[in-house]
Amino acid sequence: MDQYLHRVGGEWVGGSGSVPDVNPSDTREVVGEAAQADAALVAAATRAARAAADEWAHSGPQQRFEVLDAAGAQVLARRAELGRLLASEEGKPIAEATAEVARAGQILKYFAGEALRQTGDLLPSVRPGLSVEVTREPVGVVGLVTPWNFPIAIPAWKVAPALAFGNTVVLKPSELVPGCATELVRILVDAGLPDGVLNLVHGSGAEVGGALVSSPDVDAVSFTGSVATGRSIAAACVPDGRKVQLEMGGKNPLVVLDDADLDVAVSAAVNGAYFSTGQRCTASSRLVVTEGVHDAFVERLAERVRGLRVGHALAPDTVVGPVVDDRQLRKDLDYLAIAAQEGGEVVGGERVERDTPGWFLSPALVTGTTGDMRINREEVFGPVASVVRVADYDAALAEANATEFGLSAGVVTTSLRYAKHFARHARAGMVMVNAPTAGVDPHVPFGGSRASSYGPREQGAYAREFYTTVKTTYVDPG
Ligand code: UN1
């Protein structure tokens, strides 16, 4: 069985005890054992990152390119094997898991290129004879805290820009998916990263994550996860003047208008709400549908939802894998019970038995809901979507904007006028026209507003806003 160790300085080390990495499709299967860190080990990792920071900050772009490019090639070459690991520890169906691994490889290659593409500005000063240079420098040591729902893509999309822009890293992946993060770190280390540049600590969010984000050696923290944890991280970092980037929840609306192509609407809803078992912060969890098309849409969607095959993540015909663990499964079932109590009508959403003992839940569609119900206000993070019927476009837009979140918002329409209006007025960082709210490109900015996100955007060229700081240099050549 694989041992997932910590990486501290140039060493792979064990820790105080270990925790099994259990397969949610078959809870008898232990995928690996992850060492557990304590506060002393986290301190050793942050010190190692600090000690390596200066040299890596002044490494050349060619060296950073080569490491990231080689690691990206390695991830892509091993996508089938890493896809199986991801599917086994997280429960994402194998095709989606393999695609996520490929995305991680592409992200590494994109940021390899970014290392070579850095630019600055050279301007004349307002004072005669002087010139001004505006350049970018690494922030220093970054602490990265990643969730379980994208076990390799999210670590890659934080680690790759951190390294490309010259920072050193301590990564704390979710304790539910230690395997993919460990493989990613192994690949980057083997690609030639100097000792101490990339460190890895395993353990719980409360203890190990808490120690990491409050370490005085950590200059900036990038986190993806819940709103409550994100806010506590901000509370730990902001008073010390340390930089934070938070990607938190979503309650993303997919608006379906009367003029929509129903095939497009149903496909966008199925993909957005149920792929990855609905466990995406970008999931289309609220379907806001105008009156004229409501019944036809609901009828066709319910039929599709009933036909989605739930099963083991490695079974080739599975469309919806298991829920990640029993805690999340209970949360999904609790929300469905609350929705029913509040007057919603639930189709699906039942525990299902398969050949292997796993956390299987049939996808759920809750119809007849109104915007004030908890199912339309709070993030569930499961294969659950609710439908809100509205009178017209104006009511749909108001409903779409009615939660505290602002990550992704979609509209399905054949009207250019509504599409453009929605894109301008949706209170969200990402807008999708005739496409699911989830499933984003790796080379463009990712993020939202209000309770969903805080700090600069992730991904693409915008990632440098978080991972660098600006220096303005005045030169009088004399
Ligand atoms: C996607 O929809 O492709 O945790 C990415 C999440 C997001 C990533 C979603 N940070 O679900």
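For the pair ASP394 and ARG231, the difference between a 0.36 nm per residue extended length and the Cα-Cα distance amounts to 55.4 nm. When Lys and Arg each count +1 and Asp and Glu each count -1, what net charge do the other residues less than 14 Å away from VAL380, Cβ to Cβ, add up to? In short, +3. Taking Cα atoms only, the orientation of helix 262-274 departs from the longest principal axis of the chain by about 60 degrees. The calculated FRET efficiency for the pair VAL134 and GLU353, based on their C-beta separation and a Förster distance of 51 Å, comes to about 0.25. Taking amide H atoms as placed 1.01 Å from N in the peptide plane, the amide H of VAL255 lies under 5 Å from those of VAL288, GLY410, VAL411, VAL412, each 5 or more residues away in sequence or on another chain. Net charge in the neighbourhood of ALA51 (other residues with Cβ under 15 Å of its Cβ; Lys, Arg +1, Asp, Glu -1) is -3. Averaging the Cα positions of each part gives two centres, and for the stretch 395-459 and the stretch 193-250 these lie 26 Å apart. The alpha carbon centroids of the stretch 148-164 and the stretch 267-318 are separated by 27 Å. Which FRET efficiency value, to the nearest 0.05, is calculated for ARG117 and VAL475 with the Förster distance at 30 angstrom and r the Cβ-Cβ distance? It comes to 0.80. Only protein heavy atoms count here; on that basis, with a 1.4 Å probe, LEU257 has an accessible area of about 10 Å². For the stretch 359-378 versus the stretch 102-141, the spacing of their alpha-carbon centroids is 45 Å.
Once the convex hull of all Cα atoms in the stretch 134-247 is built, its volume per residue stands at 102 Å³. Label-to-label distance, ASP240 versus ARG374, with points set 7 angstrom from Cα along the beta-carbon direction: 3.6 nm. Of VAL227, VAL412, the residue with the largest accessible area leads and the full order is VAL227, VAL412 (1.4 Å probe).
Karplus-based coupling profile of the stretch 71-76, in residue order and whole Hz: 5, x, 5, 5, 4, 5, with θ = phi - 60° in 6.51 cos²θ - 1.76 cosθ + 1.60 and x standing for Gly or Pro.
The distance between label points at LEU416 and ASN401 comes to 2.4 nm (points 7 Å beyond Cα on the Cα→Cβ vector). The modelled label-to-label distance between TRP12 and ASP261, using points 7 Å beyond Cα along the C-beta direction, is 5.0 nm. The convex hull around the C-alpha trace of the chain, projected and averaged over every direction, spans 23.7 square nanometres. Backbone amide hydrogens, once placed in the peptide plane, bring THR469 within less than 5 Å of GLU137, VAL139, excluding anything fewer than 5 places away on its chain. Residue ranges 415-421, 134-140 sort as 134-140, 415-421 when ordered by packing (mean number of other C-beta atoms within 10 Å per residue, highest first).
Among the GluC sites (Glu not before Pro) found in the stretch 316-374, those both in a DSSP coil and sparsely packed, with 11 or fewer other Cβ atoms within 10 Å of their Cβ, are GLU353.
For the stretch 271-315, the list of trypsin sites (Lys or Arg not before Pro) that fall in a loop by DSSP and count at most 14 other C-beta atoms within 10 angstrom reads ARG309. Entry for the stretch 253-433 at q = 0.18, 0.19 Å⁻¹: log10 I(q)/I(0) = -1.12, -1.24, Debye formula applied to identical alpha-carbon scatterers, no solvent contribution.
The values are calculated or read from the model by the stated rules, or taken from the named source; none is laboratory data. Fair warning: this is a prediction, and the values are worked out from it, not measured in the lab. Positions of Cβ are generated from backbone atoms using ideal geometry, with glycine treated the same way; all protein chains shown enter the neighbour counts. Ligands, DNA and RNA are excluded from the accessible area calculation, which covers all protein heavy atoms including side chains. Shrake-Rupley method; radii C 1.70, N 1.55, O 1.52, S 1.80 Å.
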